[in-house]
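Student: Below is one structure. I have some questions about it.
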Protein chains: 2
Amino acid sequence: MRTSYHEELDSILDSLVHMAGLVEVAIRDASESLLSADLGLAESVISKDIELDRMHEEMEYKCLSLLALQAPVAGELRTIVSAIRVVFELARMGDLAAHVAKIARLRYPATAVPERFEAGFREMASIAIEIIDLARLSMAARDVKGAHRLAEIDSRMDELRREQFTLMLSEDSDISIEGAVDVALLGRYFERFADHAVAVGRRVIYIMTGQVPEGEDWPNA
Amino acid sequence: MRTSYHEELDSILDSLVHMAGLVEVAIRDASESLLSADLGLAESVISKDIELDRMHEEMEYKCLSLLALQAPVAGELRTIVSAIRVVFELARMGDLAAHVAKIARLRYPATAVPERFEAGFREMASIAIEIIDLARLSMAARDVKGAHRLAEIDSRMDELRREQFTLMLSEDSDISIEGAVDVALLGRYFERFADHAVAVGRRVIYIMTGQVPEGEDWPNA
C-alpha cells in the first residue's frame with residue numbers, strides 16, 4: 001500500500017513536469033502564431049488549451065483523493081498541497097497562451113503586433129519560453145537554485161512591458177487604437193505568464209525546503 | 001484538543017469572510033478613486049493591499065499547519081484545502097483593486113476613464129461590488145445557491161467588456177492612445193476580479209457538496 005502511494009506521488013510530480021512541457025509548447029506556438037499571423041497554429045493552441053484544463057481538473061481531483069485517502073504528513077503533504085497549486089498555475093499559463101493565440105486569430109490575416117513592437121514581443125516570447133522551461137527543469141530536478149532564478153528572468157519581462165508603454169505613448173507614436181489595445185493586453189498576458197512561472201518556482205522551493213519565499217521578487221505570492 | 005481544532009477551523013472560515021469584506025472595500029474605493037480621480041482614496045487602496053497580501057501569507061501558513069498537525073479527513077480536509085485556494089483568490093482580487101487604483105493615481109489630476117466609458121465602468125464597478133458581496137455572503141452562510149448565482153453576475157461583466165471594445169473601435173471613436181490602453185487594462189482588471197469571485201463560489205460549493213462544479217460558466221477552473 002505504501003509503495004503504491006509513493007508511486008502515485010511520483011506520478012503526480014511527473015504529470016506536473018509533463019504539463020509544464022505542454023505549456024511550453026503552447027506559449028511557443030502562440031507566440032509564433034502571433035508574430036507570423038499563422039491562423040492554423042493559433043487554432044491549434046486554442047483547441048489544445050481544453051486538454052490542459054482537463055488535465056487541471058483531473059490532477060486536482062487526484063491530489064484531493066490522495067489527501068483524503070492517505071492523510072499524508074510533512075514532506076508528502078507539502079508536495080500534494082503544492083501540486084494542487086502548481087497545476088492551477090500551469091493551467092492559467094495555458095489560458096494566457098490561448099489568449100495570445102486568440103488575438104492572433106482575431107487579427108488574421110493581418111498581424112496583431114505593430115511593426116515597431118515586433119522586437120519587444122519577440123523578446124517577451126523568448127523570455128516566456130525560457131521561464132517555463134526553467135520552471136519545468138526545476139520541478140524535474142527538484143532544483144531550488146533554478147527556481148530562485150525565475151524571479152530574475154521575470155524582472156526582464158516587467159522591464160520590456162515598461163518599454164512598450166513608453167513606445168506606445170511617445171510623441172512620434174503612430175499606433176492605432178486597435179494596435180494599442182492589442183499591445184496593452186498582449187503585454188499583460190506575457191507579464192502574467194512569467195508571474196505564474198515564478199509562482200511555480202515558489203512552490204518548488206516550498207516542497208524542497210518547507211519555507212515559502214517571500215518579498216517583492218515573488219509576485220502572485 | 002478536538003475542540004480547539006474545530007475552533008481553528010471556524011476561525012479560518014471567519015477570516016475568509018472578513019478578508020472578503022476587505023476586498024469589497026478595496027474594489028469599491030478603487031472604483032470610486034478611478035471615477036472621481038480621488039488621489040487620496042487611490043493611495044489608501046494601494047497601501048491597504050499590502051495588508052491583504054500579509055493576511056494571505058498568514059492564512060496560508062495557518063492552513064498548512066492545520067493540515068500537517070491535524071491530518072483532517074473528508075469535509076474538514078475539503079474545507080482547509082479550499083480555504084488555501086479561496087485566500088489566494090481573495091488576495092488576487094485585492095491586487096486587481098490595487099491595479100485599478102494605480103491607474104487612477106497615474107492619471108491624476110485627470111480621470112483615467114474617458115467620458116464615453118464612464119457609464120460602463122460605473123456598471124462594472126457595481127457588478128464587482130455585487131459579486132464580491134455575494135461571494136462573501138455565500139461563504140458566511142455556506143450557501144450553495146448564492147455561489148451558483150455568481151457565474152450569472154459574471155456573464156454581465158463579460159458583456160460590458162465586449163461593449164467597451166466595440167465602443168473603442170467604432171468609427172466615430174475619439175479615444176486617445178492613452179485612453180485606449182487604460183480602458184483595455186481596466187476592463188481586464190474588472191473582468192478578472194469577477195472571475196476570481198466565481199472561483200471563490202466554486203470552492204464554497206466544493207466545501208458544501210464535495211463536488212467541484214465544471215463547465216464554461218466556471219472560469220478560472
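Student: Select, from B:Ala83, B:Ala26, the only residue that is at pLDDT 85 or above, under 30 Å from B:Pro109 (Cα atoms) and of a type outside the set (S, T, N, Q).
Tutor: On the way: B:Ala83 fails: under 30 Å from B:Pro109 (Cα atoms).
Among B:Ala83, B:Ala26, only B:Ala26 is at pLDDT 85 or above, under 30 Å from B:Pro109 (Cα atoms) and of a type outside the set (S, T, N, Q).
Student: Considering only residues of region B:67-87 that are buried (at least 20 other Cβ atoms within 10 Å of the Cβ) and within 11 Å of chain A (Cβ to nearest Cβ), which is farthest from the chain's Cα centre (by Cα)?
Tutor: Step one: filter region B:67-87 for residues buried (at least 20 other Cβ atoms within 10 Å of the Cβ), giving B:67, B:78-87.
In the following step, the residues that additionally are within 11 Å of chain A (Cβ to nearest Cβ) were identified as B:67, B:78, B:80-82, B:84-85.
Values: B:Leu67: 26, B:Arg78: 21, B:Ile80: 20, B:Val81: 19, B:Ser82: 16, B:Ile84: 15, B:Arg85: 13 Å.
The extreme case among them is B:Leu67.
Student: Ok, one more. Counting only residues that are over 24 Å from B:Ala125 (Cβ atoms) and either within 14 Å of the chain's Cα centre (by Cα) or part of a helix (DSSP H, G or I) (or both), how many does region B:138-154 have?
Tutor: 2
Student: Can you confirm whether B:Ile103 is under 18 Å from B:Arg188 (Cβ atoms), within 14 Å of chain A (Cβ to nearest Cβ) and not charged (D, E, K, R)? Walk me through it before giving the result.
Tutor: Working: under 18 Å from B:Arg188 (Cβ atoms): yes; within 14 Å of chain A (Cβ to nearest Cβ): yes; not charged (D, E, K, R): yes.
Yes.
Student: Test B:Ala112 against the stated conditions and say whether it is part of a helix (DSSP H, G or I) and among the hydrophobic types (A, V, I, L, M, F, W, C).
Tutor: On the way: part of a helix (DSSP H, G or I): no; among the hydrophobic types (A, V, I, L, M, F, W, C): yes.
When the stated conditions are applied, B:Ala112 does not pass them.
Student: Also, quick follow-up: I want to confirm something. Restricting to region B:54-66 and keeping residues that are closer than 13 Å to A:Ser82 by Cα and within 22 Å of the chain's Cα centre (by Cα), which single residue is surrounded by the most Cβ atoms within 10 Å (Cβ to Cβ)? So that I can check it myself, show each step before the final result.
Tutor: To start, the set of residues in region B:54-66 that are closer than 13 Å to A:Ser82 by Cα comprises B:60-61, B:63-64.
Still in the list and also within 22 Å of the chain's Cα centre (by Cα): B:60-61, B:63.
Details: B:Glu60: 21, B:Tyr61: 11, B:Cys63: 24.
Here the residue is B:Cys63.
Student: Let me ask you something else. Can we say A:Arg78 is within 22 Å of A:His18 (Cα to Cα), in contact with a Lys or Arg (Cβ under 7 Å, 6 or more places away or on another chain) and in a helix (DSSP H, G or I)?
Tutor: Working: within 22 Å of A:His18 (Cα to Cα): yes; in contact with a Lys or Arg (Cβ under 7 Å, 6 or more places away or on another chain): no; in a helix (DSSP H, G or I): yes.
So A:Arg78 does not fit the description; no.
Student: Answer yes or no as to whether A:Ile46 is part of a helix (DSSP H, G or I), among the β-branched types (Val, Ile, Thr) and more than 20 Å from A:Ile129 (Cβ to Cβ).
Tutor: Numbers: part of a helix (DSSP H, G or I): yes; among the β-branched types (Val, Ile, Thr): yes; more than 20 Å from A:Ile129 (Cβ to Cβ): no.
Against the criterion (part of a helix (DSSP H, G or I), among the β-branched types (Val, Ile, Thr) and more than 20 Å from A:Ile129 (Cβ to Cβ)), A:Ile46 does not qualify.
Student: For region B:162-180, which residues satisfy the criterion of being crowded, with 19+ Cβ neighbours inside 10 Å and under 22 Å from the mean Cα position of the chain (by Cα)? Lay out the reasoning, then the answer.
Tutor: Going through region B:162-180, the residues crowded, with 19+ Cβ neighbours inside 10 Å turn out to be B:164, B:168, B:175, B:177, B:179-180.
Correct list: B:Gln164 only.
Student: Okay, moving on. Tell me which residues, restricted to region A:147-159, are in contact with a Gly (Cβ under 8 Å, 6 or more places away or on another chain) and buried (at least 19 other Cβ atoms within 10 Å of the Cβ).
Tutor: Listed by number, the residues that qualify are A:Ala147, A:Leu150, A:Ala151.
Student: Okay, next question. If A:Ala71 satisfies every condition in (1) closer than 30 Å to B:Val73 by Cα; (2) of a type outside the set (Asp, Glu); (3) in contact with a Phe, Trp or Tyr (Cβ under 9 Å, 6 or more places away or on another chain) but one, which is the exception?
Tutor: Result: A:Ala71 passes all but (3).
Student: Residues of region B:75-90 being among the aliphatic types (A, V, I, L, M) and touching a residue at least 40 places away in the same chain (Cβ under 8 Å), which ones? Spell out the reasoning first.
Tutor: Just the residues of region B:75-90 that are among the aliphatic types (A, V, I, L, M), to begin with: B:77, B:80-81, B:83-84, B:86-87, B:90.
Correct list: B:Ile80, B:Ala83, B:Val86, B:Val87, B:Leu90.
Student: For a quick check of your reading of the model, give me the residue pairs whose first member lies in region B:102-115 and is of a type in the set (Phe, Trp, Tyr), whose second is part of a loop (DSSP other than H, G, I, E, B) and at pLDDT 95 or above, with beta-carbon atoms closer than 7 Å and at least 6 apart or on different chains.
Tutor: Cβ pairs passing all conditions: B:Tyr108/B:Ala37.
Student: State which residue is farthest from B:Ala125 (Cα to Cα) when the search covers only region B:168-186 and only residues that are facing chain A (nearest Cβ under 7 Å) and assigned to a helix (DSSP H, G or I).
Tutor: Filtering region B:168-186 for residues facing chain A (nearest Cβ under 7 Å) gives B:168-169, B:173, B:175, B:177-178, B:180-181, B:184-185.
Still in the running and assigned to a helix (DSSP H, G or I): B:168, B:177-178, B:180-181, B:184-185.
Details: B:Met168: 19, B:Ile177: 23, B:Glu178: 21, B:Ala180: 18, B:Val181: 18, B:Ala184: 15, B:Leu185: 14 Å.
Among residues in region B:168-186 that are facing chain A (nearest Cβ under 7 Å) and assigned to a helix (DSSP H, G or I), the one farthest from B:Ala125 (Cα to Cα) is B:Ile177.
Student: Output the residues belonging to region A:99-108 that are of a type outside the set (Lys, Arg) and surrounded by fewer than 24 Cβ atoms within 10 Å (Cβ to Cβ). Talk me through it step by step, then tell me what you get.
Tutor: At the first step, the residues of region A:99-108 found to be of a type outside the set (Lys, Arg) are A:99-101, A:103-104, A:106, A:108.
If the condition is that a residue be of a type outside the set (Lys, Arg) and surrounded by fewer than 24 Cβ atoms within 10 Å (Cβ to Cβ), then A:His99, A:Ile103, A:Leu106, A:Tyr108 are the ones that fit.
Student: Next up: Residue pairs, Cβ under 6 Å, 6 or more apart or interchain, first in region A:27-38 and within 10 Å of A:Ala125 (Cβ to Cβ), second of a type in the set (Val, Ile, Thr). List them.
Tutor: Partner pairs satisfying both residue conditions: A:Arg28/A:Ile129; A:Ala30/A:Val45; A:Ala30/A:Val100; A:Leu34/A:Val100.
Student: Same structure again: Which condition number does A:Ala194 fail, the rest of (1) in a helix (DSSP H, G or I); (2) within 27 Å of B:Ala98 (Cβ to Cβ); (3) of a type outside the set (S, T, N, Q); (4) within 14 Å of chain B (Cβ to nearest Cβ) being met?
Tutor: All conditions pass for A:Ala194, except number (4).
Student: Something else now. Name, by its number, the condition in (1) part of a helix (DSSP H, G or I); (2) in contact (Cβ under 8 Å) with a residue 60 or more places away in the chain; (3) within 11 Å of another protein chain (Cβ to nearest Cβ) that does not hold for B:Phe165.
Tutor: For B:Phe165, the exception is condition (2).
Student: On the basis of being within 22 Å of A:Ile84 (Cα to Cα), within 14 Å of chain A (Cβ to nearest Cβ), at pLDDT 95 or above and assigned to a helix (DSSP H, G or I), does B:Ala91 make the cut? Even if it seems obvious, please write down each step before you answer.
Tutor: Working: within 22 Å of A:Ile84 (Cα to Cα): yes; within 14 Å of chain A (Cβ to nearest Cβ): yes; at pLDDT 95 or above: yes; assigned to a helix (DSSP H, G or I): yes.
Yes, satisfied.
The values are calculated or read from the model by the stated rules, or taken from the named source; none is laboratory data. In this text, all values refer to a predicted model and were calculated from it rather than measured experimentally. Cβ: placed from backbone, ideal geometry, glycine included. Neighbour counts: every protein chain shown.
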